[in-house]
1. Just to verify a number: FRET efficiency for GLN280 and LYS82, C-beta to C-beta distance, R0 = 41 Å, to 0.05?
2. Please check: in the Gaussian network model of the chain (C-alpha springs, under 10 Å), which one of THR233, THR265, THR171 has the largest mean-square fluctuation.
3. What percentage of the solvent-accessible surface of the stretch 53-128, computed with a 1.4 Å probe over protein heavy atoms, is contributed by carbon and sulfur atoms?
4. Rounded to the nearest 20 debye, what is the charge dipole size of the chain about its Cα centre when +1 sits on each Lys and Arg Cβ and -1 on each Asp and Glu Cβ?
5. On average, how much accessible surface per residue is there in the stretch 74-121, in Å², for a 1.4 Å probe, leaving out ligands, DNA and RNA?
6. Among VAL254, VAL212, VAL30, determine the one that fluctuates most according to a GNM of the chain built with springs between C-alpha atoms less than 10 Å apart.
7. If you roll a 1.4 Å probe over the stretch 142-285 with all protein chains in place, what percent of the accessible area is carbon or sulfur?
8. Just from its helices, what would the mean residue ellipticity at 222 nm be for the chain, if runs of 4 or more DSSP H residues each count -39500 (n - 2.57) and the sum is divided by every residue, rounded to the nearest 500 deg cm²/dmol?
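The values are calculated or read from the model by the stated rules, or taken from the named source; none is laboratory data. Please read all numbers here as calculations on a predicted model, not as lab measurements. Cβ sites come from the backbone with ideal geometry, for glycine too, and all protein chains shown count toward neighbours. Remember, those area values only see protein heavy atoms, side chains included, never the ligands or the DNA or RNA. Shrake-Rupley method; radii C 1.70, N 1.55, O 1.52, S 1.80 Å.
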Amino acid sequence: MDKILTKPHLSFEVFPPSASIKNPKIYQTVQALGDLHPEFISVTCNNKQLDFEDSTLKVASYIENELQVPGVVHLTARYFDKKQIDYILAELKKRGISNILVLRGDLVPGKVPKSDFKYASDLIDYIKQRDSTFKIFGACYPEGHPESPNKVTDIRQLQNKVAAGCDCLITQMFFSNETFYQFEEDCALANIDVPILAGIMPIVNRSQALHVVQNSASFLPKKFVAMLDRYQTNPAALKAAGLAYAINQIVDLVTQNVDGIHLYTMNHPDVARHIYQETQTLFAM
């Protein structure tokens, strides 16, 4: 759908459970998200289950065809070969899905990667060569990919993605807007001129907060850490503070003319609804 890159806009990400077609909760979730009129809803791909057709594809098809909201499927380069990709592209065409988020994909212990696509840029190039009408999204990392030796190398890899045919970039979550603005400048200097959507993850519960602190490579600003420290034992206060923090990020980003906000919903439509209600007038301008 051509309107997918209008500016500014709000979009959402969901992750389907295994065998999601038999799990009505995911459809209740995306229905609630669809009611908020997002620019698109992206659906993750689980490398561990590799049940792409019974989860990611079916959920994205429901979003696209039943909710009439653009659906974006995640595809990982590491664990698909050319034959599988050809089949998936044909199925996407049948279902009217024209948007793909291409990732390299994390390594899965005990699972041997396929050899056809080493990097996300390889898969992007292959898809564009097969059918240039697909709109391709790519991942980017404002603080650099954890496996990159430095930011210069990371930006070069990003240039490769765009040269291969990536139409739009979505960032990993970040908690410092200044980090994002510096990343935008770095991309502009490297002549990376595709839209960059800011990935925002509202922190609304203690387990999520602990995971971020322990496992995220993201820079955690002093005020963010203070928020977690103060409210980590008060669930209601932590949720309220986490939502307020995310909303403040979004207000600042939209004020600074961001291309779009991509909300990592963690399958919590109530969180998405609250943020939508507090920020919808910003996206109407």
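1. Numbers: r = 43 Å, r/R0 = 1.04.
Efficiency for this residue pair is about 0.45.
2. Answer for the Gaussian network model of the chain: THR233.
3. Working: 1590 of 3300 Å².
Carbon and sulfur atoms account for 48 percent of the accessible area of the stretch 53-128.
4. Details: 28 positive and 31 negative charges, 130 e Å.
The dipole of the chain has a size of about 620 debye.
5. Values: 2430 Å² over 48 residues.
Here the per-residue accessible area is 51 Å².
6. In this elastic network of the chain, the residue with the biggest mean-square fluctuation among VAL254, VAL212, VAL30 is VAL212.
7. On the way: 3670 of 7150 Å².
Carbon and sulfur together cover 51 percent of it.
8. Numbers: 10 runs with 126 residues, N = 285.
Using -39500 (n - 2.57) per qualifying helix, the result is -14000 deg cm²/dmol.
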